[in-house]
Amino acid sequence: MKDKVFEYLRSIPKGKVVTYGMIAEYLGSKKLSRVVGNILHSNEDGDRYPCYKVVSAQGKLSSNYRFGGIEEQKKRLEHDGIVVTNYHVDLKKYKM
């Protein structure tokens, strides 16, 4: 399952985000959202597997982003051209 999550992360294009639920659906069940979060937290290579592109179903950034916290996630998203307002992204505009 972990390999499938990391494979999915690599498929997210620059300037787009996904939700935990989208990855869970890819795995076969929306009920796996928490499992997805746990897998993302075990990510050892944030550059190869860009977990910063994963946000909540409401577009909220993660306060527990593994590679430097919410400010680093915000910085990486903005570097990709994604507008972050109050630690949220507009899913209508940026969702893959």
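Summary of computed values
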read-out: Pair list, Cβ < 6 Å and 6+ apart or interchain, from the stretch 1-14 residues that are in contact (Cβ under 8 Å) with a residue 24 or more places away in the chain and over 17 Å from Lys31 (Cβ atoms) to residues that are in a helix (DSSP H, G or I) and among the charged types (D, E, K, R); value: Ile12/Lys53
read-out: Identity of the residue in the stretch 4-15, in a helix (DSSP H, G or I) and either at pLDDT below 95 or in contact with a strand residue (DSSP E or B) (Cβ under 9 Å, 6 or more places away or on another chain) (or both), that ends up surrounded by the fewest Cβ atoms within 10 Å (Cβ to Cβ); value: Tyr8
read-out: In the stretch 77-94, the residues that are free of Cβ contacts under 8 Å to residues at least 60 places away in the same chain and out of contact with any strand residue (DSSP E or B) (no Cβ under 8 Å at 6 or more places or on another chain); value: His79, Val84, Thr85, Asn86, Asp90, Lys92, Lys93
read-out: Pair list, Cβ under 7 Å, 6 or more apart: the stretch 50-76 residue within 14 Å of Val36 (Cβ to Cβ) and touching a residue at least 12 places away in the same chain (Cβ under 8 Å), other residue assigned to a loop (DSSP other than H, G, I, E, B) and polar (S, T, N, Q); value: Cys51/Asn43; Arg66/Asn43
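Listed here are the residues, each with its yes/no results for (1) buried (at least 20 other Cβ atoms within 10 Å of the Cβ); (2) more than 13 Å from the chain's Cα centre (by Cα).
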position: Met1; (1), (2): no, yes
position: Val17; (1), (2): yes, no
position: Lys30; (1), (2): no, yes
position: Asn38; (1), (2): no, no
position: His41; (1), (2): no, no
position: Asp45; (1), (2): no, yes
position: Asn86; (1), (2): no, yes
position: Leu91; (1), (2): no, no
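The values are calculated or read from the model by the stated rules, or taken from the named source; none is laboratory data. Being a predicted model, the structure only gives us computed values, none of them experimental. Virtual Cβ from ideal backbone geometry, glycine too; neighbours counted across all protein chains shown.
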